[in-house]
Structure formats: structure tokens, C-alpha cells
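The values are calculated or read from the model by the stated rules, or taken from the named source; none is laboratory data. Owing to the predicted nature of the structure, the values given are computational and were not obtained by experimental measurement. Positions of Cβ are backbone-derived with ideal geometry, glycine not excepted, and every protein chain shown enters the neighbour counts. Side chains are part of the model used for accessible areas, which takes the heavy atoms of the whole protein and leaves out ligands, DNA and RNA. Shrake-Rupley method; radii C 1.70, N 1.55, O 1.52, S 1.80 Å.
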Amino acid sequence: MKDPHSFANFPEVKVVHLDWNAFVDFTQRKIKATATWTLSGQSEHLILDKNGLRILSVRDQDGNLLPFEEHDADSIRGGWIDIQMTKDVTQVSIDYETSDRAGALQWLEAPQTMGKRHPILFTQSQAILARTWIPCMDSPSIRFTYKATVRVPLGTIALMSASNPQKKSPDGTYTFEMKQPIPSYLMALAVGDFEFMEISDRAGVYAEPDMLESAAREFSDLEKMIAAAESLYGPYLWERYDLLVMPPSFPFGGMENPRLTFVTPTIIAGDKSLTSLVAHELAHSWSGNLVTNATWNDFWLNEGFTVYFELRIMEQLYGPEYAEMLAQLSFNELQQALNTLPENETILKADLKGKNPDDAVGPIAYEKGYFFLRTVERKVGRRYFDQFLRAYFDEHKFQSVTTEDFLSYLRKRLLKRKDWRELEIDRWIYEPGLPENVSKPLSTRFSVVESAVTALLTMKVLPVTKHWSAHEYIYFLQQLSGRANKEILARLDSAFQFTRSPNVEILFAWLRLCIEQDYTQATPVLENFLINTGRRKFVLPLYKQLIERGQKEMALQIFQKAGTNYHPITYSSVKKLFE
Ligand code: BES
Ligand code: ZN
């Protein structure tokens, strides 16, 4: 099976274990490391992916130098290193340094952190950025175990997607072990002044000291989430589950690094209203980390399953009405994507050859994937669907799966020929748009919100929001898009203080309305938000909208100030808007 985003020469030879020895040099902004790969299979070459690494030397298990060649291919995939081997080579050690353009890494100076005393470094490897800090077989179809020793400045702690320290070491050296085999995109490292607080025996949270308590409070349902997930789809197989609260420049909401999910601080709203994101990352411990998409074309297997699983966890914790609100928000996002994306980008099984897999991160893999699974569930009944999923995770654990592997399992284990036909499975997976048989959400709590929107627009009555959760506010603001005006926004703002909302999803929906209606009172907050937050899901649409509204000049000015705070992933996405 070929992965269009990797140059590595599997299955000829495979890497099975990594020993990683690294020094994190904040003054030079480089990781200097030795990566020792244990191999399985014999070959005269070992080809590894790399992007921008400076390779210093390559040796075999006895310390003999091995000849190698370096190749550059393109700006998306980078290139590869081709190492010449003899048949008796079982281990290859590569001495190397990262470059200052490493796409996975963000280096923050002490003043850019909350505590202002120590610098921070963190990685984001998914989808194909692990190769910018480790030479590796950078395909989700290849798994390996790892051990690491990492040296960092005194006063900081190093954390990885592995067994982790809970205290700072006196000499700045930390050791790690990941016993379960993982794909390269789950390699992760964070270094900074982080402290730990326990939530349960097997779960806890790391954060900068000033943030730790509020984080632990926000995530206090973590153990309940893990228990709910296990009751649905089987035991949690990664031992501990901890969270690391990232700096606000973290480019994603969350990243499911095994044993240590990285989360954006923007979900700490004070009222647990955005913790479904944690349920999502936790769910990846099954869908994604245990059973992994074989290539990025099969990305919907990771994300669609995870959204489905996330909503099931939320339903167990907070009830069906709550989960149905999330489903409705998800449906709206899907509708919007279907209305704006070119047809060929609305197909579940993606074709990303020649493209950056990062561009596939969006509502098709997530929301269309979710609604496909939901539709199958409604057809066969929950009891059978759950049994099926449990067996699917169990029988494919620590393996990679293609869309076709999944479909054949679905056909064999769950669907009768008639179900298959009626569900129009092939249409769901291989054709654009949304089949009519989709199981649509119906949120009664949102019906109330819709009436409130109508009342506001026709009779100018403000909504009665006493029993509203954050989700009702979000839905309310989304429904006003294209239908409000400045005067309405001003009234809403003085009644509900949206411009000062501590809930980032509410604030985001609000700022979109403000840009749409030229409600300039919110502009300073918008500017502040864009400078201080690097989460791409928020930042990118806001810039886009400013440009669409003829505010390119202002957008560019903000970007010039904000850009230095962004992680390379967000930076390069935003930069494209101005090219
Ligand atoms: N694994 C993804 C993030 C990701 C995907 C990073 C592809 C790079 C490439 C993570 O699980 C995720 O989906 N995060 C979402 C949150 C979620 C609740 C939808 C995010 O960051 O917004
Ligand atoms: Zn996800």
C-alpha cells in the first residue's frame, strides 16, 4: 500500500522502535538530536522522510559510518534521506539538527508566555510535520515504540506523548517511554514552565502555574469522560490520560497526542461549556490512535468516528438534548461547507495526491463522516452498532485501516445486503454532496432559539435567555448571520455583553457578525483576539471575512503585528490570504 505523502521505502523495510536523544537549545532555536531506528526487514537502503533537517552523520549499530544521499522534492512533502546499508544493519543512528523553518515547532520567548520567566517550545506533528523534527517513516501506516532522553533548560519541564514526569528534574534531563506502537504524527514534545495537578488516579492536567487551578476545575469531569468512553467502546489502553494546556498560539483546538492531549487554553470558559473538545481528543484514544487512518486520504476514519464517539460521550455525561445541540451545530457547519466547497472536495474518501493533507482538515471529514456513521447507527439500531464498533476497535487495535478495509468489515459484520443498498454506502463514501437518507438532527432546545431569532427580527424583542447554555447563544448568533443590522447588534451587545464574552465560541460567532455588519465598536477586541490567539479555526475565517468585506488593509496591518505570535501552521495559512 502506497502513501502519497511519504517517500519512505516501507514495506521493504520498516522502523519498529525509536531511541531519541535530544538537546533543546533555546538560544539557537534548534533541537540537536540523535535518532536511532531499529529496523525490521532487510534492505540495501533505508529511505526516511525529512523536511529541512540538517543531517550530520549516519551510523550503524556498531558505530560504522553509513553513506547517505539527501533529496528535496517539493515544499509540501519536503524530501528524503537515502541511507545505504548492508544486509546486517539492524539499527541506524542519525545525528541531526532541526532548521529554523521547522514547520512543527513553535519557540516562544519567556515574555511571550503567561509566566514570563521561562521560554516554551512545542511541536505539532499531524499531518506530515513530524519529519521537520525527526527523520522518520512519516506515514500513519507505520507504527513504532519509542524511548527518549531530552535535555532542557533548568526551570522547564519536558513532556512527550509517552510516560511523563510530574515534577521538574534537578538537572534538566528527562526520560520517556512509549510502549504502545504509534504512528509518527503522534510524536509530540512540549517544554516550558508547566506544573501538574491530579484529577483522578489516571488523569491530570499540566499547565503554566497561573493557569493550573482554573484548568483543573474546567476539566474536573475528565475521569467521568474516560469511564463513559470505556463503557461504550472498551478499555482505555494507554494507561494514563493527561491534558497539557498550551499557550494561546497553539494552532488547533486540541491534538490527541497519546497519553497527553494538547489543548488550547481558549476552551477554559469557566463553565465547562467547551469541554466536548476534550471528549473529542479522548475519543481519539480509540478512533485514530488505536485504529489509525492508513493514509491521509482516509482521514475521515480518524475524525468522523471521533466526532461520533465524542457526541456519544457527551450524551452519556449531559444527556441526549445536550448532545443533539452539538449534532445540530455540526449539521449547520456541514451545510455551510457543502454550499461553498467545490464538489470534488465534498467526497468522504479524499484524493489528496499533490495536495497538503492539512487542507483536508474541515467539515467533510468531521461532519459528513459523523453523519454517515449516525445514519448507519439509526438504520441498524444502536445496540448492534455499538457491538460492531467495539469489535472493530478491538480487532484493529494498533493497526492502520483504509476506507476499503473499514467498508469490507462493515459489510461482513454489520450490514445485510439490503441495508447496504438502502443506505447507499458507496454514494456516501465516494460521491460528492449529502445523500437524502441522512439522519438529520432535531434539537428542541434550538427550536426555541429559532423562535427567539424570529421574534427579534420581526418584533424587535430581545430573547429571554435565562436557561440558555453557551450552545444556545452560539446557535442564536449563527442564525443572525445575514439577517441582523448594526442597531440590533448594538442592542444585543448592551444586553448580553457579547464583545466581552469569556466563551471563545460565542465571541467568535459574535465577531463574525460584527465584521459582517461593520459594527466597529468590536474592532479593538477583534484586533486583540487576532493578536493573542493562534487557533487557526478562528483566526483564518476572521481574516478571510475582513478581506471579503474590503478591509484587506486593516487585516494586513493586524497580521503584521500578530504574525510573530503564530505557530508556523497558522502563519502559513494566513499568509496565503495576502499573496
Ligand atoms: N487531530 C485533530 C487536529 C488535526 C487534524 C491537526 C489534522 C492537524 C491535522 C484534532 O483531534 C481535532 O480534530 N481538533 C479540533 C477539535 C475538535 C473538537 C473538532 C480542533 O483543533 O479544532
Ligand atoms: Zn480530531
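With the convex hull drawn over the C-alpha atoms of region 136-216, the volume per residue is 106 Å³. Projecting the Cα atoms of Leu338, Thr306, Tyr322 onto the charge dipole of the chain (Cβ charges, centred on the Cα centre) puts Tyr322 farthest toward the positive pole.
Listed by chain and number, the lysines placed with their C-alpha closer than 23 angstrom to that of Lys147 are Lys14, Lys30, Lys32, Lys50, Lys167, Lys168, Lys179, Lys397; residues fewer than eight positions away on the same chain are left out. Highest mean packing comes first when the peptides 12-25, 283-296, 390-403 are listed by Cβ atoms within 10 Å, giving 283-296, 12-25, 390-403. Phi-derived couplings, Karplus 6.51 cos²θ - 1.76 cosθ + 1.60 at θ = phi - 60°, listed residue by residue for region 456-465: 5, 6, 8, 10, 6, 8, 6, x, 8, 10 Hz, with x used for Gly and Pro. Does region 140-293 classify as rounded, prolate or oblate by the C-alpha gyration tensor (a ≥ b ≥ c root eigenvalues; a/c under 1.5 gives rounded; else a/b over b/c gives prolate, otherwise oblate)? Oblate. The residue among His5, Ala216, Phe398 whose Cα reaches farthest toward the positive pole of the charge dipole of the chain, with charges on the beta-carbon of Lys, Arg, Asp and Glu, is Ala216. Annotation note: trypsin sites (Lys or Arg not before Pro) in region 478-507 located in DSSP loop regions with a Cβ neighbour count of at most 16 within 10 Å are Arg483. Placing +1 on the Cβ of each Lys and Arg and -1 on the Cβ of each Asp and Glu in the chain, which of Leu129, Phe559, Phe194 has its Cα farthest towards the positive end of the resulting dipole? Value computed over the given set: Phe559.
For region 174-220, just say rounded, prolate or oblate: build the C-alpha gyration tensor, square-root its eigenvalues into a ≥ b ≥ c, call rounded for a/c under 1.5, and beyond that prolate if a/b exceeds b/c, oblate if not.
It comes out prolate by the Cα gyration axes.
Rounded to the nearest whole Å³, what is the per residue volume of the convex hull around the Cα atoms of region 52-97?
Dividing the Cα hull volume of region 52-97 by its residue count gives 76 Å³.
Rolling a 1.4 angstrom probe over the protein heavy atoms with all chains in place gives region 136-291 an accessible area of 28 Å² per residue.
Distances between every pair of Cα atoms in region 441-579, grouped in 10 Å steps from 0 to the bin holding the largest one, split as 11, 41, 30, 15, 2 percent. Dipole size of region 146-209 about its Cα centre, with +1 on Lys/Arg Cβ and -1 on Asp/Glu Cβ: approximately 260 debye, rounded to the nearest 20.
Counting pairwise Cα distances across the chain, what percent come out greater than 45 angstrom? In whole percent, the share of Cα-Cα pairs in the chain beyond 45 Å is 15.
Charges at C-beta only: +1 for Lys and Arg, -1 for Asp and Glu. How large is the resulting dipole of the chain about its Cα centre, in Debye rounded to 20?
So the magnitude is around 880 debye.
The calculated P(r) of region 366-462, using every Cα pair and 10 Å bins from 0, goes 13, 37, 24, 13, 9, 4 in percent.
Taking the Cα centre of region 40-165 as reference, the dipole from Cβ charges on Lys and Arg (+1) and Asp and Glu (-1) amounts to some 700 debye.
Structural descriptor for the chain: relative contact order 11 percent, calculated from alpha carbon pairs under 8 angstrom and at least 6 residues apart. Using a probe radius of 1.4 angstrom, the carbon and sulfur fraction of the accessible surface of the chain is 50%.
Which shape class, rounded, prolate or oblate, goes with region 290-418 when its Cα gyration tensor gives a ≥ b ≥ c as root eigenvalues, a/c under 1.5 marks rounded, and past that a/b bigger than b/c marks prolate?
The shape class here is oblate.
Any of Lys355/Lys416; Lys87/Lys412; Lys379/Lys544; Lys272/Lys544 with alpha carbons more than 32 Å apart? Name them for me. Flagged as over cut-off: Lys355/Lys416; Lys87/Lys412; Lys379/Lys544. Relative contact order of region 147-228, taken over Cα pairs closer than 8 Å and 6 or more residues apart, is 24 percent. Per Stokes-Einstein, at 25 °C and 0.890 mPa s, what whole-number D in µm² s⁻¹ belongs to region 264-359, with the Kirkwood radius over Cα pairs as the hydrodynamic radius? Translational diffusion coefficient: 165 µm²/s.
Probe of 1.4 angstrom, ligands and nucleic acids ignored: what's the accessible area per residue over region 53-101, in square angstrom?
Details: 2790 Å² over 49 residues.
Heavy-atom accessible area per residue stands at 57 Å².
Specify, per residue and in Å³, the volume enclosed by the convex hull of the alpha carbon atoms belonging to region 488-560.
It comes to 77 Å³ per residue, whole-number rounded.
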